[in-house]
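See structure below.
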Number of protein chains: 2
Amino acid sequence: MTSYDQIMKLALERGFYFPSCEIYPDAPAGFWEYGPVGVNMKNKFIALWRRELIRRDGMIEIDGSQIMSRSVFEASGHLRNFSDPLAECKKCGSIFRADRYLSEKLGKLIPEGTSETVLNLMISENHLQCQNCKGEFKPVTRFNMMFKVGIGSSNDVAYLRPETCQTIFVDFARVFKTMRGRLPLGIAQIGKSFRNEIAPRQSLLRLREFYQAEIEVFCNPDRLDEMPKFDEVRDITLNLVDDKFHRDLTAVDCLKQGLLPNKLIAYYLALLADFYGKTGIDMKRTRFRRLADDEKAFYSHLAFDFEVETSIGWLELVACNYRADYDLKGHSSTSNHNFEVVEPTDQTKVLPHIFELSMGIDRSLYSILEHSYREDFRHDDRVVLRLNPYLAPILFGVLPLMSKPNMVEKSRTIHSVLRKDFDSVYDESGSIGRRYRRLEEIGVPFALTIDQQTLVDDTVTVRYRDSMEQERIGIGDLKKFLDAKSAVD
Amino acid sequence: MTSYDQIMKLALERGFYFPSCEIYPDAPAGFWEYGPVGVNMKNKFIALWRRELIRRDGMIEIDGSQIMSRSVFEASGHLRNFSDPLAECKKCGSIFRADRYLSEKLGKLIPEGTSETVLNLMISENHLQCQNCKGEFKPVTRFNMMFKVGIGSSNDVAYLRPETCQTIFVDFARVFKTMRGRLPLGIAQIGKSFRNEIAPRQSLLRLREFYQAEIEVFCNPDRLDEMPKFDEVRDITLNLVDDKFHRDLTAVDCLKQGLLPNKLIAYYLALLADFYGKTGIDMKRTRFRRLADDEKAFYSHLAFDFEVETSIGWLELVACNYRADYDLKGHSSTSNHNFEVVEPTDQTKVLPHIFELSMGIDRSLYSILEHSYREDFRHDDRVVLRLNPYLAPILFGVLPLMSKPNMVEKSRTIHSVLRKDFDSVYDESGSIGRRYRRLEEIGVPFALTIDQQTLVDDTVTVRYRDSMEQERIGIGDLKKFLDAKSAVD
């Protein structure tokens, strides 16, 4: 099975991602950059998200500020609740995230909301000491994970948002009105969020600055089964887990068996599964895990994590939370703003409830890389990233078979005609085999080779990454070929 | 002429942009959100930028962290130099940006780098008082405009980047190597930057959190005229201003007349002009203004601002700076990292120089809106945003002529087939005339009307926004029609 280290090596060597500010010793941990290949792949992932979730469902998207006022987090509960338990060694001053330290040392899951009292008890009962110096721990304290910033010369307190969704809640009334919204309505946002993790780790998997794609579905809690569009997704497969694993059930069967409470939730989970199916993630290695009460976030009434199996265990890619009226009620009472909307069918006023799909983009990209990575020992130990063409960072390479001037010139001309429309590379250095390898490793689905015959009949050889089969295509047909091959099914 | 207020009204009423955290009294100034229509337009602007600058030129793009370590800004000079002069009233405590206050009161430009001594002298010589209470000012002090954040439980100092380019400089060595770069090479980045402005103002025009699209061209200072691709852009028109206005000169004439120092700079200014020509900005109302020595930023050897004329004066959209070796030298000496690269032709080592195109996305979008806005009093006082189809937030609306069930059903079916591929709306409420108005106001180029004839022969009426002409098109040909019409020329 592909390992975390293999992906990391590929990422660093080929420009998927790498540590931020790495030339400086004071580079803070938990910050990573996307290199050129990573940026393209991320952009294509986002384009697929827009296509298969936003436009398909008729959602709308906003893009708000990352710095938000103190009141927002007063209302949201983050000032009170958004903190990690911190265990500090009395002797050497080492700092650990208490719940995770306990979980590692005791080999069992410590739920996120566990109180300081319980954590202290577990530390003393198990005689846990600092792993660096065997010192004793001070009592566990709580550390708020939001980054504070001072605004203007008066240094007014504001925060970097710890989740993108707060923008959506705060802006809801204006957006719903200007866009002439009707419930249920999904409002989405892609952007950076910031969490001052005590112990960031594993590159893209626990970052202090990360990309979220969050969808907040505003709905009427009395009409969660009025979803005619559910029929479009009823046969999509979901792997649901509660106390047992219900494999390969369709969305409609999950409803019938009472594993999901209503059509709205079933519809959006199915839509999400359909989306991830198109990313190339192996859906047999995914699950929707219903969280136990002590695992849920403080705002959640019902929670499913969409998880994917990787070499380092099951990874949460999307948190699906029924947040009910927690958010709009909180912002309403703190701001004295009315968030109720009128249902046009019967003129009743309703404070919308919210069902959320909170996606981690960085983790999703990591998972796609891991599930797409293949080593093919039959052929030169080649490494192939079997990305779907519409997610491939580079769609094709243009390769002159030999470095003869007329072949090179022809190749450059072909490339210059196509380059504006597609992400592509031109490569003339090294043997053709080595050039194929370089392309395969970053998932380029097509190699266009320009050879002697090209100069005669204006055709090129198209070589397919996965099958290594080749066919000849006329230069004039290339754009059409590439458009068709990079379309989403 | 279109006014700032007209655009602001449209932006607020139709979901282009609006203030952040507006429901809260402690919402900090200088933060704005893009609404659904604004997000789409911004995404299309960025897609055009990628097409016409990045892919056309063969640049590469990265996407780095916004929080960067202290050393970065030690090396870049921002800790010392990136500050605004601040005038505080002794009596009421009001705070002003000293240079701008002087400039407003005295009606003349105060260069950005003017020293505190000179500013204090100007205040006293002109007997300037606080405009709020007539109080005297304290001596001018300097206020660093970077936002500081504390990392981890030890609260290590880091900063939100004040410009995206620092990421590109810091990452240069790795990116150049992994991507097997050759000079000249453009490395670009789109992302947020943050400046703690003393007096943010005018919505998208002076923000504390804003979008930049920066291109840093790494080049060999001895080979600035070795640019064969200059020939592709030699006839593009530039409006250059130094002490006089040289209108409508081609790039090659600018070179011949000695107005531009080398082909590399001429090439990139021409590429930029070509890009903006495609955004719909009226290029006759643009100029490249060569900055005087006392106007330039501290790192710049030669600077041209690309400016566009708007209702509130000439607006800087892109700062084009020849930064020479300022950046790599600074990071090299602070980090002890070697940034030299080897020229493959003669194996010489060279520390690349940098020519930068630093674009403000928010301001660009504002300018496009203003230049596209038309009031057409001949027809119902209609407001039309004449956006190019490839920049229009919504490409088409699907409108059933009447709200008959079969027409509505047919319309929804047509929409559901097309919606994944294009940004579109479905609208059945109000008279057809009112629905056209709503679409025109946000720049939707095409309205597809479904009428009685559609039910008979599967054709729809396509109405063109600008000419208001109509033609009938078969449903099966719509995708092809829309693809062709939204392609960039």
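The values are calculated or read from the model by the stated rules, or taken from the named source; none is laboratory data. Please read all numbers here as calculations on a predicted model, not as lab measurements. Note that we place each Cβ from the backbone using ideal geometry, even for glycine, and neighbour counts take in every protein chain shown. Accessible surface areas use protein heavy atoms only, side chains included; no ligands, DNA or RNA. Shrake-Rupley method; radii C 1.70, N 1.55, O 1.52, S 1.80 Å.
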Members of segment A:134-147 found to be away from chain B (no Cβ under 12 Å) and open to solvent by less than 40 Å² (accessible area, probe 1.4 Å), listed by number:
A:135, A:137, A:140
In this structure, is residue B:255 under 21 Å from the mean Cα position of the chain (by Cα) and in a helix (DSSP H, G or I)?
no
Go through segment B:346-389 and tell me which strands (runs of 3 or more DSSP E), entirely inside it, have 1 or more residues that are closer than 26 Å to residue B:188 by Cα and modelled with pLDDT of 95 or more.
B:353-360
Please state which of the following conditions residue A:12 fails to meet, knowing it meets all the rest: (1) free of Cβ contacts under 8 Å to residues at least 24 places away in the same chain; (2) open to solvent by 40 Å² or more (accessible area, probe 1.4 Å); (3) facing chain B (nearest Cβ under 7 Å).
(3)
For residue B:421, indicate whether it is acidic (Asp, Glu), open to solvent by 70 Å² or more (accessible area, probe 1.4 Å) and assigned to a loop (DSSP other than H, G, I, E, B).
no
Which of (1) within 14 Å of chain A (Cβ to nearest Cβ); (2) under 24 Å from residue B:370 (Cβ atoms); (3) not β-branched (Val, Ile, Thr) is the odd one out, the single condition residue B:232 does not satisfy?
(2)
Candidates A:113, A:181, A:150 - the one that is modelled with pLDDT of 95 or more, in a loop (DSSP other than H, G, I, E, B) and open to solvent by 10 Å² or more (accessible area, probe 1.4 Å):
A:181
Checked against (1) in a loop (DSSP other than H, G, I, E, B); (2) out of contact with any Lys or Arg (no Cβ under 8 Å at 6 or more places or on another chain); (3) under 19 Å from residue A:302 (Cα atoms); (4) open to solvent by 40 Å² or more (accessible area, probe 1.4 Å), residue A:225 satisfies every condition except (2)
Determine, yes or no, whether residue B:174 is part of a loop (DSSP other than H, G, I, E, B), among the basic types (Lys, Arg), at the interface with chain A (Cβ under 9 Å from one of its Cβ atoms) and closer than 30 Å to residue B:340 by Cβ.
no
Boolean, residue B:188 is under 23 Å from residue B:268 (Cα atoms), of a type in the set (Gly, Ala, Ser) and either touching a helix residue (DSSP H, G or I) at 6+ places or on another chain (Cβ under 6 Å) or open to solvent by 10 Å² or more (accessible area, probe 1.4 Å) (or both):
yes
Taking the stated definitions as given, is residue A:465 of a type in the set (Lys, Arg) and open to solvent by 40 Å² or more (accessible area, probe 1.4 Å)?
no
Report yes if some residue within segment A:367-380 is closer than 28 Å to residue A:169 by Cβ and open to solvent by 70 Å² or more (accessible area, probe 1.4 Å); otherwise report no.
no
Among the residues of segment B:462-480, is any of a type in the set (Val, Ile, Thr), touching a residue at least 24 places away in the same chain (Cβ under 8 Å) and either in contact with a His (Cβ under 6 Å, 6 or more places away or on another chain) or not in a strand (DSSP E or B) (or both)?
yes
Condition first: more than 22 Å from residue A:209 (Cβ to Cβ), of a type in the set (Lys, Arg) and more than 9 Å from every other protein chain (Cβ to nearest Cβ). Can you find one or more residues in segment A:87-101 that meet it?
yes
Which of the residues that make up segment B:33-60 are touching a Pro at 6+ places or on another chain (Cβ under 6 Å) and either within 7 Å of another protein chain (Cβ to nearest Cβ) or open to solvent by 10 Å² or more (accessible area, probe 1.4 Å) (or both)?
B:40, B:60
Of (1) over 28 Å from residue B:204 (Cβ atoms); (2) away from every other protein chain (no Cβ under 11 Å); (3) crowded, with 23+ Cβ neighbours inside 10 Å, residue A:76 fails just (1)
For segment B:272-281, indicate whether the set of residues that are modelled with pLDDT under 95 and under 19 Å from the mean Cα position of the chain (by Cα) is non-empty.
no
Out of A:397, A:430, A:443, report the one residue that is open to solvent by less than 10 Å² (accessible area, probe 1.4 Å) and at positive phi.
A:443
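Residue-wise test of (1) farther than 24 Å from residue A:74 by Cα; (2) open to solvent by less than 10 Å² (accessible area, probe 1.4 Å).
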{"position": "A:266", "(1), (2)": "yes, yes"}
{"position": "A:279", "(1), (2)": "yes, yes"}
{"position": "A:290", "(1), (2)": "yes, no"}
{"position": "A:310", "(1), (2)": "yes, yes"}
{"position": "A:325", "(1), (2)": "no, no"}
{"position": "A:332", "(1), (2)": "no, no"}
{"position": "A:342", "(1), (2)": "yes, no"}
Given (1) facing chain A (nearest Cβ under 9 Å); (2) of a type outside the set (Asp, Glu); (3) part of a helix (DSSP H, G or I), where does residue B:23 come up short, assuming only one miss?
(3)
Count, please, the residues in segment B:251-264 that happen to be in contact with a helix residue (DSSP H, G or I) (Cβ under 9 Å, 6 or more places away or on another chain) and open to solvent by 30 Å² or more (accessible area, probe 1.4 Å).
3
Of the residues B:199, B:188, B:251, B:213, which is in the same structural domain as residue B:331 (by TED's automatic domain parsing) and closer than 30 Å to residue B:94 by Cβ?
B:199
Filter segment B:410-456 for residues that are among the acidic types (Asp, Glu) and in contact with a strand residue (DSSP E or B) (Cβ under 9 Å, 6 or more places away or on another chain); which is farthest from the other protein chains (Cβ to nearest Cβ)?
B:451
